[in-house]
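S.K.: The structure under discussion is supplied below as structure tokens; questions concerning it will follow.
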Amino acid sequence: MVGGSLLAGCTGNDDSELGPQQEDNETVDPRLQLEEVTLSSAFVIELVDPDSGEQLTTVHWHGKYSHWHFGPLEVAYDTGRTVEVVFNDRDLNKVPLGPNETYQVAVKRTAGTAADLFEIAIDGSIVDIHGTSRDEGELVFQLQNDDESVWTSPALPVTVTDTTGER
């Protein structure tokens, strides 16, 4: 491809409804500028396997058209899945997360997701998703400051399967 690149179907267009702002010759979307940190304008959040360090899924930022890559997230029925939530700053450094840090993680089901699909437990940046029924749903991940959401991910499709991959 001449003059540009595509990443997994991404066009690179940022149709930000608030309009990006210029900072040190870099365009920064105001929704990524938080009180203590500016989030990455490429990959804001990643879900990582805490044991292997393998990236499971990530949000590719395009303003209001942001989306998850490498989904859906698969969770095994009756055993679950543990992920580390990594929010990246503009230099791709991990934003410290936890009860004694400026920012915390919250995970919520979307309105269309059954309440009994999974149980969620959060410990700092570690999230345990325990599948309690076989089906599909969606989760949103929030970066919070003192119980106030300061950034919310697009909905992540999640599939709860048995160990053979069947729903």
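The values are calculated or read from the model by the stated rules, or taken from the named source; none is laboratory data. Note that the structure is a prediction, hence the values are computed from the model and not measured. As a convention, Cβ positions derive from the backbone with ideal geometry for all residues, glycine included, and neighbour counts pool all protein chains shown.
S.K.: Could you figure out which of (1) under 25 Å from Arg31 (Cβ atoms); (2) among the acidic types (Asp, Glu); (3) surrounded by 14 or more Cβ atoms within 10 Å (Cβ to Cβ) isn't true of Asp128?
M.R.: (1)
S.K.: Continuing with the same structure: Which condition does Arg90 not pass, out of (1) without any contact (Cβ under 8 Å) to a residue 60 or more places away in the chain; (2) of a type in the set (Lys, Arg); (3) buried (at least 16 other Cβ atoms within 10 Å of the Cβ), if it passes all the others?
M.R.: Every listed condition holds for Arg90 apart from (1).
S.K.: Being at pLDDT below 90, more than 25 Å from Thr161 (Cβ to Cβ) and of a type outside the set (Phe, Trp, Tyr) is the requirement here; does Glu17 meet it?
M.R.: Numbers: at pLDDT below 90: yes; more than 25 Å from Thr161 (Cβ to Cβ): yes; of a type outside the set (Phe, Trp, Tyr): yes.
So Glu17 fits the description; yes.
S.K.: Report yes if Gly53 is of a type in the set (Gly, Ala, Ser), farther than 21 Å from Val150 by Cβ and either surrounded by fewer than 17 Cβ atoms within 10 Å (Cβ to Cβ) or out of contact with any Pro (no Cβ under 6 Å at 6 or more places or on another chain) (or both), otherwise no. Step through it out loud before you land on a result.
M.R.: On the way: of a type in the set (Gly, Ala, Ser): yes; farther than 21 Å from Val150 by Cβ: yes; either surrounded by fewer than 17 Cβ atoms within 10 Å (Cβ to Cβ) or out of contact with any Pro (no Cβ under 6 Å at 6 or more places or on another chain) (or both): yes.
The answer is yes for Gly53.
S.K.: Within the range 82-93, track down each residue that is out of contact with any Ser or Thr (no Cβ under 8 Å at 6 or more places or on another chain) and under 16 Å from Glu54 (Cα atoms).
M.R.: Within the range 82-93, Thr82, Val83, Phe87 meet the criteria.
S.K.: Of all residues in the range 128-144, which are more than 20 Å from Asp89 (Cα to Cα) and either aliphatic (A, V, I, L, M) or touching a residue at least 40 places away in the same chain (Cβ under 8 Å) (or both)?
M.R.: If we filter the range 128-144 for residues that are more than 20 Å from Asp89 (Cα to Cα), which is where we start, we get 128-139.
Hits for the range 128-144 are Asp128, Ile129, His130, Gly131, Thr132, Ser133, Arg134, Glu136, Leu139.
S.K.: Quick one: count up the residues across the range 145-165 that are in a loop (DSSP other than H, G, I, E, B), in contact (Cβ under 8 Å) with a residue 12 or more places away in the chain and at negative phi.
M.R.: Adding up the residues that qualify gives 5.
S.K.: May I pose another question? Given the criterion over 17 Å from Val48 (Cα atoms) and either free of Cβ contacts under 8 Å to residues at least 40 places away in the same chain or surrounded by 14 or more Cβ atoms within 10 Å (Cβ to Cβ) (or both), identify the matching residue among Asp78, Asp116.
M.R.: Checking each option against the conditions leaves just Asp116.
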